[in-house]
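Enquirer: Before anything else, here's the structure in question.
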Amino acid sequence: MSEAALIEVENLRTSFAVGSQRVEAVRGVSFSIAAGEVFGLIGESGSGKTVTGLSLLRLLPPHAAVAADAMRFRGEELGRLSDAEFRALQGVQLAMIFQDPVGSFNPAKTVAWHLQHAIARRRACSGSASGSGGGDWAEEAAQDLRNVGIRAPERVLASYPHQLSGGMLQRALIAMVIALRPALIIADEPTTNLDNLVERQILELIRAQQKKLGASVLYVTHDLGVAGEICDRIAVMYAGEIVEMGPARDVLERPRHPYAQGLLQTSASLERRDEYLYELQGEPGGRGDATGCAFAARCPQAMAQCRTTQPRLVEVGAGHVSRCLLHEQ
Ligand code: SF4
């Protein structure tokens, strides 16, 4: 993996205890994100993209088990950090924007309270002389809100979460993340619940702030249009595996894996508002046949050997890989 990588993940496996069994949600996922890069994880519900992000941040419930050959942040192995050492990174160097901003706020506290705590946390972790009680936090908080397009920061600072619209609350959440000045932002479908206009604004905002901070972003989405707008590189996930990965433009304009091709066709059909929408056949999710390709039951190009042989990631272009036996013939 690249020496300039901010984060490197090798062979990540995440499973959950369900009754007496373990269900694998992420199966051997490897990727790296360079400093300042926006890397997208794309897939349907249950593909493992959100669990991958939560595994990185140790935000999974106790019945989850996470293992990896390596998970390095700035070259340091995250698995070796104690919970206390990890907490010093989590929420400061590594921050998350969730799909539902409401859950990120304490409903009994104002936006000012949240921003003050975010600023205090960053200062405490960076050893800033201003300390947690630094008197200039209010001006910094107001500036962070202006940076996300909020013209009346004083009103928003004095507001409780329930007094703000979904779009405004998402902006306030992004301001809170910006206040931490993180090196890596994990954004999990942050525009899913917003209308189109606000979604565009929030995407532009994330991109602008990411450039300003020089931060890297792991952007989780099921929306190919969104991924095309914001990501430099993307990985398409299916049944817990990366099935295609490469520069965003290459993957979205010339997808090589049948699943990625199907996703693109579905997205184009939706955009054209076709009378009969193109749909991938079958249900997304688990791999029906553990010995073959995870996508075999749904793949329009499946061959007999797809049910018995597991495909590996094969290079199909510059920095572009795809997991399909068709590439190995
Ligand atoms: Fe389809 Fe076979 Fe390729 Fe899997 S390996 S994506 S089933 S053609």
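Enquirer: Report the one residue of Gln170, Gln143, Ala112 whose Cα lies farthest in the direction of the positive end of the charge dipole of region 103-181 (charges on C-beta: Lys and Arg +1, Asp and Glu -1; origin at the Cα centre).
Expert: Gln170
Enquirer: If you take every DSSP beta bridge fully contained in the chain, what fraction is antiparallel? Give it as a percent rounded to 5.
Expert: Taking every DSSP beta bridge within the chain, about 65 percent pair in antiparallel fashion.
Enquirer: Springs between alpha-carbon pairs under 10 angstrom, Gaussian network model over the chain: which of Leu12, Leu263, Leu81 fluctuates most?
Expert: Leu81
Enquirer: Hey, any idea what % of the chain's accessible area is carbon plus sulfur with a 1.4 Å probe?
Expert: On the chain, the fraction of accessible area on carbon and sulfur atoms equals 50 percent.
Enquirer: Using each residue's phi in region 70-84, evaluate 6.51 cos²θ - 1.76 cosθ + 1.60 at θ = phi - 60° and report the 3J(HN,Hα) Karplus result to the nearest Hz, with x for Gly and Pro.
Expert: 7, 9, 10, 10, 6, x, 9, 6, 5, x, 8, 6, 5, 4, 5
Enquirer: Mind putting a number on the dipole of region 103-181 about its Cα centre? Charges go on the C-beta only, +1 for Lys and Arg and -1 for Asp and Glu, and I need it in Debye to the nearest 20.
Expert: It works out to roughly 160 debye.
Enquirer: Roughly speaking, what is the stretch gain from Arg207 to Asp274, that is 0.36 nm per residue apart minus the C-alpha to C-alpha distance, in nm to one decimal?
Expert: So the chain would gain 21.0 nm between Arg207 and Asp274.
Enquirer: What is region 1-146 by shape, rounded, prolate or oblate, if you read a ≥ b ≥ c off the alpha carbon gyration tensor as root eigenvalues and call it rounded for a/c under 1.5, prolate for a/b larger than b/c, and oblate otherwise?
Expert: prolate
Enquirer: On to the next question. In degrees from 0 to 90, rounded to the nearest 10, what is the angle of the helix 196-213 Cα long axis to the longest principal axis of the chain?
Expert: Computed tilt is about 70 degrees.
Enquirer: If you fit an axis through the alpha-carbon atoms of helix 137-147 and take the longest principal axis of the Cα set of the chain, what angle between them do you get, 0 to 90°, nearest 10?
Expert: 40
Enquirer: Kindly provide the helix-only [θ] at 222 nm of the chain, computed as the sum of -39,500 (n - 2.57) over DSSP H runs of four or more divided by all residues, to the nearest 500 deg cm²/dmol?
Expert: Rounded to the nearest 500, it is -10000 deg cm²/dmol.
Enquirer: Suppose R0 equals 45 Å. What FRET efficiency, 1/(1 + (r/R0)^6) with r the Cβ-Cβ distance, do Thr309 and Asp195 give to the nearest 0.05?
Expert: Result of the calculation: an efficiency of 0.50.
Enquirer: May I ask for the angle, rounded to the nearest 10°, between helix 111-126 and the longest principal axis of the chain, with both axes built from Cα atoms and the value confined to 0 to 90°?
Expert: Roughly 80 degrees, rounded to the nearest 10.
Enquirer: Also, quick follow-up: Across the chain, where is the longest run that never hits chymotrypsin sites (Phe, Trp or Tyr not before Pro) in a DSSP loop with at most 16 other C-beta atoms within 10 Å?
Expert: That would be 1-275.
Enquirer: I need the phi-derived Karplus couplings for region 36-42: 6.51 cos²θ - 1.76 cosθ + 1.60, θ = phi - 60°, integer Hz, Gly and Pro marked x.
Expert: Karplus values, whole Hz, x for Gly and Pro: x, 9, 9, 10, x, 10, 10.
Enquirer: Over the chain, how many percent of alpha carbon pairs lie in each 10 Å bin up to the one with the longest distance?
Expert: 6, 24, 32, 24, 11, 3, 0
Enquirer: Using a Förster distance of 51 Å, how high is the FRET efficiency between Ala17 and Ser126, based on the Cβ-Cβ distance and rounded to 0.05?
Expert: E(calc), rounded to 0.05, equals 0.85.
Enquirer: Turning to a different aspect of this structure: What distance in nm separates the simple spin-label points at Asp136 and Arg58, each placed 7 Å from Cα in the Cβ direction?
Expert: 3.3
Enquirer: Also, I was wondering about something else. How much accessible surface does Leu270 have with a 1.4 Å probe, in Å² rounded to 10?
Expert: 110
Enquirer: Something else: At a Cα cut-off below 12 Å, give the aspartates and glutamates reachable from Lys211, other chains included and same-chain residues fewer than 8 away excluded.
Expert: Glu37
Enquirer: Another question, then. Residue by residue through region 219-230, which ³J(HN,Hα) values in whole Hz follow from phi under the Karplus form 6.51 cos²θ - 1.76 cosθ + 1.60 (θ = phi - 60°), with glycine and proline marked x?
Expert: Using θ = phi - 60°, the values come out as 9, 9, 7, 9, 9, 5, x, 5, 4, x, 6, 10 Hz.
Enquirer: Taking trypsin sites (Lys or Arg not before Pro) as candidate sites, keep only those in a DSSP loop with at most 10 other Cβ atoms within 10 Å, then name the longest stretch of the chain containing none of them.
Expert: 1-150
Enquirer: Pop a pseudo-label 7 angstrom from the Cα along the beta-carbon direction at both Ser45 and Glu328 and give the gap in nm to one decimal.
Expert: With each label placed 7 Å out from Cα toward Cβ, I get 3.3 nm.
Enquirer: Using a ≥ b ≥ c from the Cα gyration tensor of region 120-234 (square roots of the eigenvalues), is it rounded, prolate or oblate, where a/c under 1.5 gives rounded and otherwise the larger of a/b and b/c decides, a/b for prolate?
Expert: Judged from the Cα gyration tensor, region 120-234 comes out oblate (a/c at least 1.5, b/c at or above a/b).
The values are calculated or read from the model by the stated rules, or taken from the named source; none is laboratory data. The model shown is predicted, which means the values in this text are computed figures rather than measured ones. With ideal geometry, Cβ positions are generated from the backbone for all residues, glycine too; neighbour counts draw on all protein chains shown. The area values use the complete protein model at the heavy-atom level, side chains included, leaving out ligands, DNA and RNA. Shrake-Rupley method; radii C 1.70, N 1.55, O 1.52, S 1.80 Å.
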